[in-house]
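A.B. asks: Got a structure here, written out as structure tokens. Questions coming.
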Amino acid sequence: MIYHGNRLTIKPGVAPEDLEAALESLRNQGRVIPAVKSFVVGPDFGGDFEWGAVFVIEDLDGYWEYLMHPAHAHTDEIGLPLVERFESFDVTDDPDPEIGEKIAELHRKRYAARPELTKLVTDLPSYQGSGAPAKSGRE
């Protein structure tokens, strides 16, 4: 299993209804993407971020399905412009020693297929982690 997580802090001045629409879009990803086995979206406690989401995905094929699903693209489009700080991470019990590189490669393929997404994430003031574009220098 792969537990894909996102942690984020919203820019000052974002309208509450825009924030709620982005959080609801994250929740919708969990409901409609078939590869997502379970999920949680809510406040992030105990760290330097305001919100978090974790999506449980069975394997790399499911991870790719999750990354490329239209519900995920919708969240990117409406949510990323609201974000001040973003971090993605993955936790897995997969014994493959190459799993981290394979996950990073899926993200690279996604950015290559969606240049508009690459612009959204490279425009973020702070983005690090498993999903950060390699060319951003913030991995």
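A short reminder: the numbers here are calculations on the coordinates, not readings from a lab. Nothing here was measured: the structure is a model prediction, and the numbers come from that model. All Cβ positions, even for glycine, are placed from backbone atoms using ideal geometry, and neighbour counts span all protein chains on display.
A.B. asks: Quick one: compute the contact order of the chain, relative version, from alpha carbon pairs under 8 angstrom and 6+ residues apart, as a percent. Write out the running numbers ahead of the final one.
C.D. replies: Numbers: 224 pairs, mean separation 40.8, N = 139.
The value is 29 percent.
A.B. asks: A further question follows. If you place +1 on the Cβ of every Lys and Arg, -1 on the Cβ of every Asp and Glu, and leave all else neutral, what size is the dipole of the chain about its Cα centre, to the nearest 20 Debye? Please list the in-between numbers first.
C.D. replies: Details: 14 positive and 25 negative charges, 71 e Å.
The dipole of the chain has a size of about 340 debye.
A.B. asks: Another one. For region 2-136, what is Rg from Cα atoms divided by 2.2 N^0.38 Å, rounded to two decimals? Working shown, then result.
C.D. replies: Numbers: Rg = 14.0 Å, N = 135, 2.2 N^0.38 = 14.2 Å.
Dividing the Cα Rg of region 2-136 by 2.2 N^0.38 Å gives 0.99.
A.B. asks: With each label point set 7 Å from Cα along the Cα-Cβ vector, what nm distance links Glu105 and His74?
C.D. replies: Simple spin-label model gives 3.2 nm for this pair.
A.B. asks: I'd like the orientation of helix 70-79 relative to the chain: the angle between its Cα long axis and the longest Cα principal axis, in ° from 0 to 90, rounded to 10.
C.D. replies: Tilt relative to the chain: about 40 degrees.
A.B. asks: Run lengths n ≥ 4 of DSSP H only: what is the helix-derived mean residue ellipticity at 222 nm for the chain, with -39500 (n - 2.57) per run over all residues, to the nearest 500?
C.D. replies: Working: 5 runs with 59 residues, N = 139.
That calculation yields -13000 deg cm²/dmol at 222 nm.
A.B. asks: If you don't mind, there's one more thing I want to ask. For Gly129, list long-range residues whose amide hydrogen, built 1.01 Å from N in the peptide plane, is under 5 Å from its own amide hydrogen.
C.D. replies: When sequence neighbours closer than 5 places are left aside, the close amide H contacts are Ser88.
A.B. asks: Each residue of region 20-33 in turn: what ³J(HN,Hα) in whole Hz from Karplus with 6.51, -1.76, 1.60 and θ = phi - 60°, glycine and Pro shown as x?
C.D. replies: So the Karplus estimates, Gly and Pro as x, are 5, 5, 5, 5, 5, 5, 4, 4, 4, 3, x, 7, 9, 7 Hz.
A.B. asks: Using θ = phi - 60° and the Karplus form 6.51 cos²θ - 1.76 cosθ + 1.60, what ³J(HN,Hα) does each residue of region 81-98 get, whole Hz, x for Gly and Pro?
C.D. replies: x, 8, 8, 8, 9, 9, 9, 10, 8, 9, 10, 9, 9, 5, x, 5, x, 9
A.B. asks: Additional query: Work out, step by step, the length gained on full extension between Glu84 and Asp48: first 0.36 nm times the residue separation, then minus their alpha carbon distance; give nm to one decimal.
C.D. replies: Numbers: separation 36, 0.36 × 36 = 12.96 nm, distance 1.19 nm.
Answer, rounded to one decimal: 11.8 nm.
A.B. asks: Out of every Cα pair in region 1-46, what percent are spaced more than 17 Å from each other?
C.D. replies: Working: 421 of 1035 pairs.
Here the long-distance tail beyond 17 Å is 41 percent of all Cα pairs in region 1-46.
A.B. asks: For the chain, set up a Gaussian network in which alpha carbons nearer than 10 Å are linked by springs, and say which option among Glu24, Glu50, Glu101 fluctuates the most.
C.D. replies: In this elastic network of the chain, the residue with the biggest mean-square fluctuation among Glu24, Glu50, Glu101 is Glu101.
A.B. asks: What's the local net charge at Ala53, with K and R +1, D and E -1, over the other residues with C-beta under 10 Å away? Present the calculation step by step, with values, prior to reporting the outcome.
C.D. replies: Details: positive: Arg7, Arg27; negative: Asp44.
Around Ala53, the charge tally is +1.
A.B. asks: Could you work out how far the C-alpha centroid of region 79-96 sits from that of region 1-53, in angstrom?
C.D. replies: Cα centroid of region 79-96 versus Cα centroid of region 1-53: 10 Å apart.
A.B. asks: Here's something else I'd like to know. For helix 99-113, what angle does its Cα long axis make with the longest principal axis of the chain, in degrees from 0 to 90 and rounded to 10?
C.D. replies: Relative to the chain, helix 99-113 is tipped by roughly 60 degrees.
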